[in-house]
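Notes for the one structure printed next.
Bear in mind these aren't lab numbers, they're just calculated from the coordinates by the rules spelled out. As the structure is a computational prediction, the values presented were derived from the model and not from experiment. All Cβ positions, even for glycine, are placed from backbone atoms using ideal geometry, and neighbour counts span all protein chains on display.
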Amino acid sequence: MDMEIKQGNRCFYLGDDEANAIAIIKYKVKSDDEIVANSTFVDPSLRGQNIARKLLDRLADYAREQGWKIEPTCSYVVRAFERYDAYDDVKA
């Protein structure tokens with residue numbers, strides 16, 4: 001199984017392709033400098049391995065590269081933004 005985080009169409013994922021992802025974090029573009037993290041899914045077989053956090057880390061790095069802020073609407077991202085200060089610089 002490929003555990004490399006790949007970039008898809010407004011998402012980052014694990015798996016063979018975006019349509020059959022075993023873990024995925026999705027976002028939508030809100031404006032030129034802001035995106036909305038609106039969905040995170042991790043297959044039950046991968047839970048407990050910090051996969052969601054790794055996906056969020058990759059999304060946050062991408063937002064930094066693009067000069068974007070992230071508005072969290074996905075419940076996982078909302079909790080992560082509250083819990084970890086590592087995302088303070090990208091939080092909208």
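Backbone amide hydrogens, once placed in the peptide plane, bring K30 within less than 5 Å of I35, V36, excluding anything fewer than 5 places away on its chain. Angle of helix 51-66 to the longest C-alpha principal axis of the chain, folded into 0 to 90 degrees and rounded to 10: 40°.
Can you compute the charge dipole magnitude of the chain about its Cα centre, using +1 on each Lys and Arg Cβ and -1 on each Asp and Glu Cβ, nothing else charged? Give it in debye, rounded to the nearest 20.
Here the chain has a charge dipole of around 280 debye.
Note on N38 and D61: with the Förster distance fixed at 30 Å, the Cβ-Cβ geometry gives a FRET efficiency of about 0.95. Which entry is the computed mean projected area of the Cα convex hull in nm² for this structure: [x] 6.8; [y] 5.6; [z] 13.5? Computed from the coordinates, mean projected area of the Cα convex hull in nm² corresponds to [y].
Restricting the chain to chymotrypsin sites (Phe, Trp or Tyr not before Pro) that sit in a DSSP loop and have at most 16 other Cβ atoms within 10 Å of their own Cβ leaves Y84.
Loop only by DSSP, 11 or fewer other Cβ within 10 Å of the Cβ. Give me the GluC sites (Glu not before Pro) in segment 1-74 that pass, ordered by residue number. Please list the in-between numbers first.
On the way: sites: E4, E18, E34, E65; in loops: E4.
Within segment 1-74, the qualifying GluC sites (Glu not before Pro) (loop, at most 11 other Cβ atoms within 10 Å) are E4.
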